[in-house]
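**Student:** If you scroll down you'll find the structure; I have some questions about it.
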Amino acid sequence: MTKKILMVIIDGVPDRPVNGVTPLSSAHTPNMDRIAEAGINGIMDTIAPGIRPGSDTGHLALLGYDPYEYYSGRGPIEAAGAGIEIQPGDVAFRINFGTVDGEGSIFDKTVKDRRAGRISDTDELVNAINENVHLDVDFIFRRGSGHRGALVFRGEGLSDKITDTDPKEIGKKVKKCKPLSEEGRLTAEIINSFMEQTHEVLDKHPYNLEREKKGLLKGNAILLRGAGVVPHIPPFEEKFGMKLAVISGTTLIKGIGKFLKGDVITPEGATGGKDTDINAKVDAAIKALKTHDFVLLHFKAPDEFGHDGDFEGKKKYIEKLDSFLERILNLNFSDNLLILTADHSTPVTAQEHTADPVPVAVVYKDVRVDSVNNFSEFEAYRGGLCRIRGIDLLNISLDLIDRAKKFGA
Ligand code: ZN
Ligand code: ZN
């Protein structure tokens with residue numbers, strides 16, 4: 001029987017110590033500790049020592065893709081996560097519905113709100129844009145949650161060598177898209193036309209006029225940022241010979257799964273937030289091991305507690321998460337290799353991602369079990385994996401389950 005890999009990623013779970021302890025080290029986590037005890041442990045620089053990973057670049061590395069080679073901005077990944085079938089050569093953006101006011105063209109107007117008063121039901125506006133805006137290239141425009149959305153331009157000669165139109169500050173004028181080099185000239189022209197046409201459609205749209213009457217802000221501008229050209233990226237199955245499943249409720253991580261042509265599974269109740277249904281996700285992961293060779297199970301909430309600077313909340317959530325991991329320990333580790341790790345640290349003191357290395361534990365029948373018996377930032381150093389890079393983790397795992405190819409004779 002072919003051996004399977006389950007990689008559990010607890011987003012941003014590691015911390016820097018506060019009075020000598022972290023949320024992870026001080027939480028009561030019998031199941032994570034049993035995983036550490038049963039396996040080989042180490043610490044890991046997801047990208048490289050001292051490099052602060054994004055969740056997107058971190059996940060790419062953990063999946064065996066060098067982010068320096070394959071990462072091309074957040075726009076394409078968000079667009080894939082929003083369900084757009086992106087293709088090599090597409091230019092993708094993250095967008096916000098914003099509110100602008102003033103006289104003249106959109107580029108003379110001032111941004112009053114970058115979230116259009118947290119507009120949430122944008123379906124009608126998105127449809128109006130898709131029907132009424134006409135460009136020299138095709139575009140695909142999808143709403144996201146709240147004021148967010150994804151936008152993809154498709155055609156010959158497009159480039160991401162251009163500037164954002166989102167000024168990222170209230171009270172500033174909408175920015176004209178400018179080429180950063182000659183190859184971006186055509187794309188900048190197309191985007192400026194898109195900006196003008198969408199403003200015209202949105203500003204007089206009945207839905208917005210209705211909002212105005214109610215004293216709400218109009219969603220009358222689309223603000224673009226995070227341009228990226230979709231790269232040629234080999235599908236996971238092609239690169240590693242394993243069928244990939246990604247279980248996540250987070251658009252960005254779902255986007256990574258789609259990017260690598262894996263199956264993205266979002267069970268009912270998986271929200272990508274603190275209220276996610278942990279049990280449903282664990283269930284989905286165990287089920288996916290029957291149909292896929294590599295299953296990535298992602299939990300987002302600890303990262304959010306880190307960004308919020310909430311030590312106690314993070315600790316409590318880790319304990320809650322741990323209580324659902326028991327069933328994973330019941331897997332047969334002759335046929336399944338289990339990895340427990342994180343994509344980066346999000347210390348409550350920094351409230352941002354940091355480059356502090358993350359603990360990693362690997363359980364499999366043939367691993368050289370070490371003396372680490374506690375899953376934490378402090379204990380992992382003593383383990384047999386020592387200090388590794390994220391990009392090496394998949395190779396190490398493939399070797400353990402005898403799916404690695406020999407280098408040399
Ligand atoms: Zn992350
Ligand atoms: Zn984060």
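The numbers here are math on the coordinates, done by the rules we state, and not lab data. Everything quoted here is computed from the prediction, not taken from an experiment. Neighbour counts are summed over all protein chains in view; Cβ atoms, including those assigned to glycine, are modelled from backbone coordinates with ideal geometry.
**Student:** Sort 241-248, 228-235 by the packing proxy (mean of other Cβ within 10 Å over each peptide's residues), most packed first.
**Tutor:** Output ranking for 241-248, 228-235: 241-248, 228-235.
**Student:** Quick check on packing: order 51-64, 16-29 by the mean number of other C-beta atoms within 10 Å, highest mean leading.
**Tutor:** Values: 51-64: 23.9, 16-29: 17.3.
Result, highest mean Cβ count within 10 Å first: 51-64, 16-29.
**Student:** Who wins for biggest fluctuation among Asp322, Asp138, Asp370 in a Gaussian network model of the chain, springs between alpha carbons below 10 Å?
**Tutor:** Asp138
**Student:** Defining a contact as two alpha carbons under 8 Å apart and six or more residues distant in sequence, what relative contact order in percent does segment 79-228 show? Before the final figure, lay out each step's value.
**Tutor:** Details: 323 pairs, mean separation 48.6, N = 150.
Relative contact order comes out at 32 percent.
**Student:** Mind listing the long-range amide H neighbours of Ile388? Cut-off is under 5 Å, sequence gap 5 or more, other chains count too, H placed in the peptide plane at 1.01 Å from N.
**Tutor:** For Ile388, whose amide H was placed from the backbone, the distant partners under 5 Å are Ile43, Met44, Asp45.
**Student:** With θ set to phi - 60° and the Karplus curve 6.51 cos²θ - 1.76 cosθ + 1.60, what are the ³J(HN,Hα) couplings of segment 155-169 in order, to the nearest whole Hz, using x for Gly and Pro?
**Tutor:** 3J(HN,Hα) across segment 155-169, in whole Hz: x, 6, x, 7, 8, 9, 8, 9, 9, 6, 9, 7, x, 6, 8.
**Student:** Here's another thing I want to ask about it. Rounded to whole Hz and in sequence order, give me ³J(HN,Hα) for segment 183-192 from the Karplus expression 6.51 cos²θ - 1.76 cosθ + 1.60, θ = phi - 60°, writing x for Gly and Pro.
**Tutor:** So the J values, rounded to whole Hz, are 5, x, 4, 4, 4, 4, 4, 4, 5, 5.
**Student:** Determine the sum of side-chain charges near Lys168: Lys and Arg each +1, Asp and Glu each -1, restricted to other residues whose C-beta is under 13 angstrom from that of Lys168.
**Tutor:** Combined, the nearby Lys, Arg, Asp and Glu give +3.
**Student:** Show which lysines lie in cross-link reach of Lys173 when reach means a straight Cα distance below 22 angstrom and same-chain residues fewer than eight apart are skipped.
**Tutor:** Partners found: Lys109, Lys112, Lys161, Lys204, Lys218.
**Student:** Can I ask one more? To the nearest 20 debye, what charge dipole does the chain have about its Cα centre, counting +1 at the Cβ of each Lys and Arg and -1 at the Cβ of each Asp and Glu?
**Tutor:** 180
**Student:** Can you give the net charge of the other residues whose Cβ lies under 14 Å from the Cβ of Ala79, counting K and R as +1 and D and E as -1?
**Tutor:** Around Ala79, the surrounding residues sum to +3.
**Student:** Once the dipole of the chain is set up with Lys and Arg at +1 and Asp and Glu at -1 on Cβ about the Cα centre, which of Asn330, Thr165, Ala79 lies farthest towards its positive end?
**Tutor:** Checked the options; the winner is Asn330.
**Student:** DSSP beta bridges in the chain, what fraction antiparallel, as a percent rounded to 5?
**Tutor:** Numbers: 34 of 57 bridges.
Restricted to the chain, the bridges split so that about 60 percent are antiparallel.
**Student:** Can I ask one more? Place a point 7 Å from the Cα of Lys214 along the Cα-to-Cβ direction; which residues of segment 115-140 have their backbone N under 19 Å from it?
**Tutor:** Answer for this model: 115-128.
**Student:** For segment 357-409, with only Lys/Arg (+1) and Asp/Glu (-1) charged at the beta-carbon, what is the dipole magnitude about the Cα centre, in debye rounded to 20?
**Tutor:** 220
**Student:** Once phi is turned into θ = phi - 60°, what whole-Hz ³J(HN,Hα) does the Karplus curve with 6.51, -1.76 and 1.60 give for every residue of segment 394-400, x standing for Gly and Pro?
**Tutor:** Once θ is set to phi - 60°, the couplings for segment 394-400 become 5, 4, 4, 5, 4, 5, 4 Hz.
**Student:** Taking the chain as a Gaussian network, Cα atoms linked when under 10 Å apart, which of Pro67, Pro30, Pro88 shows the biggest mean-square fluctuation?
**Tutor:** Comparing Pro67, Pro30, Pro88 in a Gaussian network model of the chain, the most mobile one is Pro88.
**Student:** Which net charge results for the neighbourhood of Val91, defined as the other residues with beta-carbon distances under 14 angstrom from its beta-carbon, given Lys and Arg at +1 and Asp and Glu at -1? Mind showing how you got there, number by number?
**Tutor:** Numbers: positive: Arg74, Arg94, Arg154, Lys161, Arg185, Arg225; negative: Glu78, Asp90, Asp136, Asp138, Glu156, Asp160, Asp164, Glu183, Glu189.
It works out to a net charge of -3.
**Student:** Once amide H atoms are placed 1.01 Å from N in the peptide plane, what residues at a sequence separation of 5 or more from Lys4, or on another chain, have their amide H within under 5 Å of its amide H?
**Tutor:** Correct list: Asn336, Leu337.
**Student:** When ranked by the protection proxy of mean other Cβ atoms within 10 Å per residue, highest first, what sequence do the peptides 147-156, 395-404 form?
**Tutor:** Descending mean neighbour count gives 147-156, 395-404.
**Student:** If you take the beta carbon distance between Asn127 and Arg382 as r and set R0 to 51 Å, what does 1/(1 + (r/R0)^6) give as a FRET efficiency, to the nearest 0.05?
**Tutor:** 0.30
**Student:** Can I ask one more? Once label points are set 7 Å from the Cα along Cα→Cβ at both Asp283 and Arg52, what is their separation, rounded to one decimal in nm?
**Tutor:** Each label point is offset 7 Å from its Cα along the Cβ direction, giving 3.9 nm.
**Student:** Explain nothing, just the number: relative contact order of segment 294-409, from Cα pairs under 8 Å at least 6 residues apart, as a whole percent.
**Tutor:** Dividing the mean separation by the residue count of segment 294-409 yields 20 percent.
**Student:** Let me check against my output: what whole-number percent is the relative contact order of the chain, with C-alpha pairs under 8 Å and at least 6 apart? Working shown, then result.
**Tutor:** Working: 975 pairs, mean separation 135.0, N = 409.
Relative contact order, the chain: 33 percent.
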